[in-house]
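The values are calculated or read from the model by the stated rules, or taken from the named source; none is laboratory data. Just so it is clear, the model here is predicted, and its values are computed rather than measured. Neighbour counts run over all protein chains shown; Cβ positions are idealised from the backbone, glycine included.
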Amino acid sequence: MPLLGKLEGLSYRLFGRVAPAFLKNVFEFKDYLQRAGIKIYPETYVSLMFFIAFLTVPISITAIILLYFFKFLPLIFLVPLPIFVMIGFIVIPMSRASERAAALEREMPFAATYISVMASGGISPYTSFKRLSEVELLPAMKKEAREIIKDVEIFGVDPLTAIERAAKNHPLDMFRDFLGGYASTVIIGGDITHFLESKAEEIFKARAVRVKMAAERLGMLLESFIIIMVLMSLCFYILFSVEAIYSTGISMYSGMILYTYVFTPMLSLMFIYLAHSMQPKTPITEMRPYKAFAICSGIAIAVFIMLTNGLGMIEVSFMAGIQQFVDLPTAVAITLFITVAPPAIVQGRISRKKLSMEQGISSFLRDLTEVRKTGLSPEKCIESLADRDYGEFSRELRKISSEISWGIPVRKVIMDFVKRTRSWVTQIVMFLLVETIDVGGGTISMIESLTRFNTLTQEVEKQKKMAVRPYVMIPYFSAILLVATTVMTLSFTSATLQAAESQTMDIGALTTIFTASTIMHSYLIGLVAGKISEECVAAGFKHSAVLVILAIVAAKVVPMFL
């Protein structure tokens, strides 16, 4: 930081007089810097931009000289380097503001729920923000809450003004409406609890609409990926097959390898990145399926070497009996299936357990609300519900009930469960429950509010799954179409050549190479489909496993009908 401060000071001394004119006549940075949360004066930021751009001028001059004497065209990209630097300084605040809004958007419904539930128990929103500033489960809201607390406790701003200031320049519209509406309600003397609860419900509804729109965009992204992958692959396969049959002089094998094992994986990664940028993020990532994938990949490579003798480069005598029945496409299919089948089983078990846990907690909260109305304490209510069936949550509930009956504080018991579970939604809901009991006394109105908002959360997740479900079948049809069309194209092309030249042609080797490539493409289609439909690449393991089997079966069956 001292070095950065010196750099800012030096840049301001050099370009401090130019910065105000730039801010007045060219580009205004103030609002963008505030929305991005970048704590720097606009004049200093502009001066730093000019200083960094000035430092790159010698590079541009050197590139011009070398370009003039050596005619090395790639150097042309270094000529406008100072302009690129200035564009980068302009784009960075916009990008940071967008990232700030996206990070808070996923957490905003739960933060609004927490504040409204606490308000129903008589806890002020500022106190809720003070407690949220220490919650690790909501990292984006924790950062925003700390800014409010800093304004109040360090700069001496009153809480209401600090909340208004936080809402004024924030890039997320629902955050601005929530805090700004609260400040207005306090000023006019309205019903704060009713406003917070109704606003939280509006946030959930707005969240549901955005989830539906995101699902539609993801569906379009999946369709675009399938169209590009299938049509582009067919075009290249026709080109490669014609070249191989007519021998036009182009290196078919090197082009095929580059396209199949370099270009298409890069294309798949690009679409996975696009899907990741469009999907909501959670602070928790389940790594067990990916660890299983890494282990199975090592095993699969060894199996592939044994099945193919290292593509003919080594001799493995004890596998010779099996190798005569296993061709290259089958070996590729077996290898790819081994890489994803066990991780798909791991991911499936984790996903089912997570879904059962979330549904069980939702049912538990509804029952807890009704039992609490009988007058029992929250601790006794939990103990009375311990014998009911809540799916995967039942075992954890019995453990929680036992520890509470031993005299262990409710907060410690439930927070220990929060640390054990890997579902972010489950962690948030149970954290809200423990805050409801520990801070607000677990009143009926607070538990009812928590139950209502948890039901809204479940509805949002259900709508998201229903919106993307129709797109799941597209990869399966596209993979079968890709394999079948490739095999038929090879057959028809060779048949046409044979009819024209009245000679037989063996296309077995060519078919083998093309079939192996289509199996690889089907494998990648499954990974991308899983990322787009279920928000994680691990969810695509099961799709890849099924698509690999369908591809090899289609490759064996389609020639029988030709």
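Per this entry, Ala545 is not counted among residues that are of a type in the set (Gly, Ala, Ser), modelled with pLDDT under 80, under 32 Å from the mean Cα position of the chain (by Cα) and surrounded by fewer than 24 Cβ atoms within 10 Å (Cβ to Cβ). Listed by position, the helices (runs of 4 or more DSSP H) enclosed by region 247-339 that each have at least 2 residues that are at pLDDT below 75 and either over 33 Å from the mean Cα position of the chain (by Cα) or assigned by TED's automatic domain parsing to the domain that holds Met520 (or both) are 252-258, 288-312, 320-323.
Within the set Val157, Val152, the sole residue that is within 20 Å of Lys130 (Cα to Cα), in contact with an Asp or Glu (Cβ under 8 Å, 6 or more places away or on another chain) and outside any helix (DSSP H, G or I) turns out to be Val157. With respect to (1) loosely packed, with under 15 Cβ neighbours inside 10 Å; (2) within 30 Å of Ala140 (Cβ to Cβ); (3) in contact (Cβ under 8 Å) with a residue 40 or more places away in the chain, the lone exception for Thr451 is condition (1).
Screening Val46 with (1) crowded, with 17+ Cβ neighbours inside 10 Å; (2) over 28 Å from Glu461 (Cβ atoms); (3) touching a residue at least 60 places away in the same chain (Cβ under 8 Å) gives one miss only, at (3). The residue pairs whose first member lies in region 356-376 and is touching a residue at least 60 places away in the same chain (Cβ under 8 Å), whose second member is charged (D, E, K, R) and surrounded by 15 or more Cβ atoms within 10 Å (Cβ to Cβ), and whose beta carbons are closer than 6 Å, counting only pairs six or more residues apart or on different chains, are Met357/Glu392; Thr369/Glu448. Output yes when any residue across region 46-58 is over 30 Å from Leu104 (Cβ atoms), among the aliphatic types (A, V, I, L, M) and either outside any helix (DSSP H, G or I) or out of contact with any Phe, Trp or Tyr (no Cβ under 9 Å at 6 or more places or on another chain) (or both), and no when none is. Yes, that holds for at least one residue.
For beta carbons closer than 7 Å, sequence separation of 6+ or different chains, a first residue in region 407-421 that is part of a helix (DSSP H, G or I) and a second that is surrounded by 13 or more Cβ atoms within 10 Å (Cβ to Cβ) and among the hydroxyl-bearing types (Ser, Thr, Tyr), there are no qualifying pairs.
For Glu153, the test of being acidic (Asp, Glu) and within 30 Å of Ala479 (Cα to Cα) is failed.
Quick grid of which residues meet (1) assigned by TED's automatic domain parsing to the domain that holds Glu144; (2) touching a Cys at 6+ places or on another chain (Cβ under 8 Å); (3) under 24 Å from Ser98 (Cβ atoms); (4) surrounded by fewer than 17 Cβ atoms within 10 Å (Cβ to Cβ):
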position: Leu7; (1), (2), (3), (4): no, no, no, yes
position: Tyr12; (1), (2), (3), (4): no, no, no, no
position: Val18; (1), (2), (3), (4): no, no, no, yes
position: Asn25; (1), (2), (3), (4): no, no, no, yes
position: Phe29; (1), (2), (3), (4): no, no, yes, no
position: Gly37; (1), (2), (3), (4): no, no, yes, no
position: Ser60; (1), (2), (3), (4): no, no, no, no
position: Phe70; (1), (2), (3), (4): no, no, no, yes
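Residue count for region 131-141, restricted to those that are assigned to a helix (DSSP H, G or I) and either among the polar types (S, T, N, Q) or surrounded by fewer than 18 Cβ atoms within 10 Å (Cβ to Cβ) (or both): 2.
A single member of Thr113, Thr127 is under 23 Å from Pro159 (Cβ atoms), within 25 Å of the chain's Cα centre (by Cα), among the polar types (S, T, N, Q) and part of a helix (DSSP H, G or I), and it is Thr113. Of all residues in region 354-387, those that are farther than 13 Å from Leu433 by Cβ and outside any helix (DSSP H, G or I) total 7.
The set of residues in region 518-542 that are in contact with a His (Cβ under 9 Å, 6 or more places away or on another chain), surrounded by 20 or more Cβ atoms within 10 Å (Cβ to Cβ) and either modelled with pLDDT under 85 or among the aromatic types (Phe, Trp, Tyr) (or both) contains only Ser533. When each of Glu201, Glu197, Glu144 is tested for being farther than 20 Å from Arg100 by Cβ, under 30 Å from the mean Cα position of the chain (by Cα), surrounded by 20 or more Cβ atoms within 10 Å (Cβ to Cβ) and not assigned by TED's automatic domain parsing to the domain that holds Leu269, the lone residue that passes is Glu197.
Return yes or no: is Ser517 more than 13 Å from the chain's Cα centre (by Cα), on the phi < 0 side of the Ramachandran plot and not hydrophobic (A, V, I, L, M, F, W, C)? In short, yes.
In region 175-186, is there at least one residue being charged (D, E, K, R) and at pLDDT 85 or above? Looking for residues that are charged (D, E, K, R) and at pLDDT 85 or above, one finds at least one in region 175-186, hence yes.
Does Leu234 count as within 30 Å of Arg469 (Cβ to Cβ) and assigned by TED's automatic domain parsing to the domain that holds Phe477? Taking the combined requirement at face value, the residue satisfies it. Do we find that Met86 is surrounded by 17 or more Cβ atoms within 10 Å (Cβ to Cβ) and in a helix (DSSP H, G or I) in this structure? Against the criterion (surrounded by 17 or more Cβ atoms within 10 Å (Cβ to Cβ) and in a helix (DSSP H, G or I)), Met86 qualifies.
A quick yes/no check of all residues on (1) outside the structural domain of Tyr523 (by TED's automatic domain parsing); (2) in contact with a helix residue (DSSP H, G or I) (Cβ under 8 Å, 6 or more places away or on another chain); (3) crowded, with 19+ Cβ neighbours inside 10 Å; (4) at pLDDT 90 or above:
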| position | (1), (2), (3), (4) |
| --- | --- |
| Ala344 | no, yes, yes, yes |
| Ile361 | yes, yes, yes, no |
| Arg366 | yes, yes, no, no |
| Lys373 | yes, yes, no, no |
| Leu376 | yes, yes, no, no |
| Glu379 | yes, yes, no, no |
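Could you tell me which residue of region 445-491 is nearest to Pro329 (Cα to Cα), considering only residues that are under 29 Å from the mean Cα position of the chain (by Cα) and among the acidic types (Asp, Glu)? The qualifying residue nearest to Pro329 (Cα to Cα) is Glu461. The number of residues in region 271-286 that are farther than 13 Å from Gly530 by Cα, surrounded by 13 or more Cβ atoms within 10 Å (Cβ to Cβ) and either free of Cβ contacts under 8 Å to residues at least 60 places away in the same chain or aromatic (Phe, Trp, Tyr) (or both) comes to 1.
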